[in-house]
Amino acid sequence: VCSSDLMRYLVNSSQMKKADSYTIQKKGILSLELMERAARACVDVMTAEGFDLSKPCVVCGSGNNGGDGFAVARLLMESGVTPFVCFAGDEDRRSEETIVQMQKYLEIGGRICNEYRDDEYSIIIDAVFGVGLRREITGGYADVIERMNRTKAVKFAVDMPSGISADTGSVLGTAFRADVTVTFQAKKLGLVLYPGKEYAGKVVTVDIGIDMEGLTEEGGLPGEEAGTGMGPLAYTCEFSDHQSMLPVRRADSNKGSYGKLLMIAGSRGMSGAAFLNGSAAYLSGAGLVRIYTSEENRVILQQQLPEAVITTYTDYDREETKRLLEWADTVCIGSGMGMSETSVRLVEQVLREAEGTCLIDADGLNILAEHKEWMSLLKREGSCAPARVLTPHMKEMSRLTGHSIEELKERRIEIVKEFADRTGCTCVLKDARTVTASPSECFKIYPCSLPGAGIYVNLSGNAAMAKAGAGDVLAGIISALLAQGLDGHKAASLGTYLHGRSGDYARKLRGSYSVLARDLLLCISEAFKELEEGRREEV
């Protein structure tokens, strides 16, 4: 994987299990040693957080997560604290490591109860289920977890809150609601995808010596055959990674240095989409923005955005469109353009004739979904980096792929990667956690031209951004970065991050309820300034 040292893996349960086994078998680190390190890390975090450890309750399951819990209980007891320890698992299904940890705890005088007791605990430590849980929690397990949740004590989860899928973040029947989760070596996808993120509380990732570097961009280990079921490797970026992607503004430059961007947006009564597109693009550094829109929008756009060049149509004009496409370095098409026959013809012409980079959004995607025979036009032959960026939300992605929204939420990582590989484009699947995938072949041909293989998961942004027009702003930001020379994957990764940071600043300005898309425009500059600070400008 070509990535910076600060880039962070986001793994699923199979990948974590593989890395764990690889460390034990190839690196010679005993499983019990890893368990001891994990337990020590949990106690260290509890101490560092200043939690009251005077009356802890540790609830353990049968698997290795339960073994971690028994090791935590032993360390607490060795420090002079007497924990209440509940074994909520099945004695016949205990792992070998859990059996050993139970015995070590008993040898120092510890006591184990097989029934959870409601009491006034200072902290509840959840070690019932780990990353491998795939089935829905029912019966006695569900009852114990719900009773743990009702306790007023601080709630602490070991590796994963029990009941949260490590792969999807979904709630498997019921789940433990943690204030803090300590996870080992790498964040699990289920800790950053919703609703898992809400159940995890504050997540602290600790290094216990598991070797993650063996994972490839396909999610498996070196030498493994394809199709091992690991799924593609997901990652997120640190601040410096985003900073390194930011296009340089050279002292000896002019508007032509930063791209000519054609935005085909806004049907009759939808001038707002074109305004948000164009404004976001200019605020994101594009040198020259031309908006191609319905004639009815001319006057209002000239008043709202005098910096843009406004060209209009009343009906489809093939020659005029061709001239505009030849002028542009980058095309952004779809926002608010409607589904008219003129719009359909514009989308087809852009797909067939646009030579530069291109972003397709909103109605452009809906038109593409109705003309799936045009999917083959997404991949530009001879290009190593993806030249087409698609920005669907869940419903639009459902139309494009035929997968239900429920299936997309459960298998988003796998589906978005397959779609990118099949179409040769960069796909930005918008949701509370937006994920971006590009074709695998791009990384194989030029492995260091993009920030990292696999799936980029954006962690910026907030619920205040759930308003009409926010997607138009995102399309403007990404297309501006494309116009400034970033390839599809970098532009999408950086663009979704900046869009989210704009939303974070807007929430500070307006609160969680009152943010409008125009407030995102006001805050784009803050997001860019944040990255720009400290960078040495080239001259």
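The values are calculated or read from the model by the stated rules, or taken from the named source; none is laboratory data. No experiment lies behind these values; they were computed from the predicted model shown. When we count neighbours, we look across all protein chains shown, and the Cβ atoms used for this are built from the backbone with ideal geometry, even at glycine. Quick note on the areas: whole protein, heavy atoms, side chains included, nothing else; ligands and nucleic acids left out. Shrake-Rupley method; radii C 1.70, N 1.55, O 1.52, S 1.80 Å.
Observations on the structure shown:
- Residue in region 188-198 that is at pLDDT 95 or above, among the hydroxyl-bearing types (Ser, Thr, Tyr) and crowded, with 20+ Cβ neighbours inside 10 Å present: no
- Residues of region 337-382 satisfying the condition of being among the charged types (D, E, K, R), in contact with a Ser or Thr (Cβ under 8 Å, 6 or more places away or on another chain) and not in a helix (DSSP H, G or I): 361, 379
- Residue match in region 14-35 (condition: crowded, with 19+ Cβ neighbours inside 10 Å and without any contact (Cβ under 8 Å) to a residue 40 or more places away in the chain): no
- When region 481-505 is filtered for residues that are closer than 17 Å to residue 279 by Cα, touching a Pro at 6+ places or on another chain (Cβ under 9 Å) and open to solvent by less than 10 Å² (accessible area, probe 1.4 Å), only 481 remains.
- Selection from region 257-270 of residues that are farther than 25 Å from residue 493 by Cβ and either in contact (Cβ under 8 Å) with a residue 60 or more places away in the chain or touching a strand residue (DSSP E or B) at 6+ places or on another chain (Cβ under 7 Å) (or both): 266, 267, 268, 270
- For residue 358: the one exception among (1) closer than 24 Å to residue 425 by Cα; (2) out of contact with any Leu (no Cβ under 9 Å at 6 or more places or on another chain); (3) surrounded by 24 or more Cβ atoms within 10 Å (Cβ to Cβ): (2)
- When the residues of region 193-213 are filtered to those that are touching a strand residue (DSSP E or B) at 6+ places or on another chain (Cβ under 6 Å) and in a helix (DSSP H, G or I), the one that is farthest from residue 151 (Cα to Cα) is 196.
- Within region 378-410, restricting attention to residues that are open to solvent by 10 Å² or more (accessible area, probe 1.4 Å), among the hydrophobic types (A, V, I, L, M, F, W, C) and under 22 Å from residue 476 (Cα atoms), the residue that is modelled with the highest pLDDT is 394.
- In region 304-329, of all residues being among the charged types (D, E, K, R) and closer than 18 Å to residue 280 by Cβ, the one that is surrounded by the fewest Cβ atoms within 10 Å (Cβ to Cβ) corresponds to 307.
- For region 68-83, the set of residues classified as in a helix (DSSP H, G or I) and either free of Cβ contacts under 8 Å to residues at least 40 places away in the same chain or among the hydrophobic types (A, V, I, L, M, F, W, C) (or both) consists of 70, 71, 72, 73, 74, 75, 76, 77, 78, listed by residue number.
- The set of residues in region 277-303 being under 16 Å from residue 520 (Cα atoms) and either open to solvent by 20 Å² or more (accessible area, probe 1.4 Å) or assigned to a loop (DSSP other than H, G, I, E, B) (or both) consists of 282, 283, 284, 285.
- Qualifying residues in region 52-73 (those that are open to solvent by 40 Å² or more (accessible area, probe 1.4 Å) and not basic (Lys, Arg)) - the one nearest to the chain's Cα centre (by Cα): 64
- Failed item, numbered, when residue 249 is tested on (1) touching a residue at least 40 places away in the same chain (Cβ under 8 Å); (2) open to solvent by 70 Å² or more (accessible area, probe 1.4 Å); (3) more than 23 Å from residue 493 (Cα to Cα): (3)
- Of residues in region 36-51 being free of Cβ contacts under 8 Å to residues at least 60 places away in the same chain and of a type outside the set (Asp, Glu), the one nearest to residue 188 (Cα to Cα): 39
- Taken as a whole, region 330-353 holds at least one residue that is among the hydroxyl-bearing types (Ser, Thr, Tyr) and either surrounded by 24 or more Cβ atoms within 10 Å (Cβ to Cβ) or modelled with pLDDT under 95 (or both).
- Filtered residues of region 328-343 (kept if of a type outside the set (Asp, Glu) and touching a residue at least 40 places away in the same chain (Cβ under 8 Å)): 328, 330, 331, 332, 333, 334, 335, 336, 337, 338, 340, 343
- Count of region 506-527 residues which are part of a helix (DSSP H, G or I), surrounded by 17 or more Cβ atoms within 10 Å (Cβ to Cβ) and in contact (Cβ under 8 Å) with a residue 40 or more places away in the chain: 6
- Taking residues in region 123-145 that are without any contact (Cβ under 8 Å) to a residue 60 or more places away in the chain and open to solvent by less than 20 Å² (accessible area, probe 1.4 Å), and partners anywhere that are charged (D, E, K, R) and assigned to a strand (DSSP E or B), the pairs with Cβ atoms closer than 8 Å and at least 6 places apart or on different chains are 145/126.
- Condition check for residue 54: in contact (Cβ under 8 Å) with a residue 60 or more places away in the chain and part of a loop (DSSP other than H, G, I, E, B): yes
- Residue among 359, 325 that alone is farther than 19 Å from residue 477 by Cα and either in contact (Cβ under 8 Å) with a residue 40 or more places away in the chain or touching a Phe, Trp or Tyr at 6+ places or on another chain (Cβ under 6 Å) (or both): 325
- Qualifying residues in region 84-98 (those that are assigned to a helix (DSSP H, G or I) and among the acidic types (Asp, Glu)) - the one nearest to residue 64 (Cα to Cα): 97
- Looking across region 260-273, just one residue is closer than 19 Å to residue 357 by Cα and not in a strand (DSSP E or B), and that is 265.
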